[in-house]
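Step one of this worksheet: look at the structure below.
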Amino acid sequence: MDVDSHLVNATENIIVEEIKKKRKKKRNSWFSENWRALFSELMSTLSLLFFGCMTCIPIDGVPINPPLYGTIGFGLIVLMNIQTFGHISGAHMNPTVTLAAIIWGNMSIALGIAYFVAQCAGAVIGYGILMILSPIDMSSGICTTQPHVKHTVYQALGIEILLTVALVLINCAVWDPVNKDKGESLSIKFGLTIAALSIAGGPMTGASMNPVRSFAPAFWTNTWNSHWVYWAGPFLGGTVAVIFYKFVWLRTERVIEPEFSWTGSRNCHELV
């Protein structure tokens, strides 16, 4: 009986230890699986604000930077970041893209919130480092996004919405299963897209399309002129774009489902 009781106790102890290990593993699994992606988002957004806004610093001897200098610069920085960080976190660098990924179904809400925090932190740190290393005082509002003086805030809002619609539609097209085998040169495609949209909308609103891209310079330079536009516009535009693509343009897979019938025939149905 003593031997049996020892065996029972030993078995119970083993079971308890296994349960504890599983619980501990479950608690640590989310962070262990996602910390690299979160760190990647922080670093890619830091890089976006540091290098991107560096292209907006006035050049010595040139009163005004060439019109395409900053827009092409941001596009090339996006290209670089996607090539560097895209395979780790997707290199969103933008809460609007992250929200679109959540709505699309590529990402959980919890991970999306964590991405948002990492993006905010990366943007603020990136612009802060640039202010320290810049040869000139950037507190005058360098690299801030503000509406054109002849625009009303609602015109600026409309432009930011439409620019972000175009950006998020590109993301949706990449996520579309129809294009799963067409992922080559994504960094070039997104870099050129950002450059094109920046050329189009830059003179009117700064072509932010990204709340944290506008937030970091505003935070450090205390420039909050019509700042709400650069949160409302991208989020509204991104949400409209992903919902439209998902429910209008996204093709459903045709599958064969069993149908009970005396003849044993099967019909094709489309998944809704």
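Per-structure values
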item: Extension gain, HIS148 back to ALA196 (0.36 nm per residue minus Cα-Cα distance, nm); result: 15.4 nm
item: Zone of ILE243's modelled label, taken as backbone nitrogen in the range 153-168 under 20 Å from a point 7 Å along Cα→Cβ; result: 157-168
item: Whole-number accessible area per residue in Å² for the range 120-191, which is evaluated in the context of all protein chains at 1.4 Å; result: 51
item: Prolate/oblate/rounded label for the range 47-148 (Cα gyration tensor, a/c 1.5); result: prolate
item: Assigned charges on the beta-carbon of Lys, Arg, Asp, Glu; the range 95-197 dipole about Cα centre (debye); result: 100
item: Three-way shape label, the range 109-184, alpha-carbon gyration tensor, a/c 1.5; result: oblate
item: Set of the range 191-232 residues, backbone N closer than 19 Å to the point 7 Å along the Cα-Cβ line of SER140; result: 206, 217-225
item: Whole-number percent relative contact order across the range 101-225, with pairs defined as alpha carbons under 8 Å at least 6 apart; result: 42
item: Loop-located chymotrypsin sites (Phe, Trp or Tyr not before Pro) in the range 129-235 whose Cβ has at most 13 other Cβ within 10 Å (DSSP); result: TRP224, TRP228
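The values are calculated or read from the model by the stated rules, or taken from the named source; none is laboratory data. Not measured: the values here are computed from a predicted model. So basically every Cβ, Gly included, is an ideal-geometry build from the backbone, and we count neighbours across all protein chains shown. To get the accessible areas, we keep the full protein, side chains included, count just its heavy atoms, and leave off ligands, DNA and RNA. Shrake-Rupley method; radii C 1.70, N 1.55, O 1.52, S 1.80 Å.
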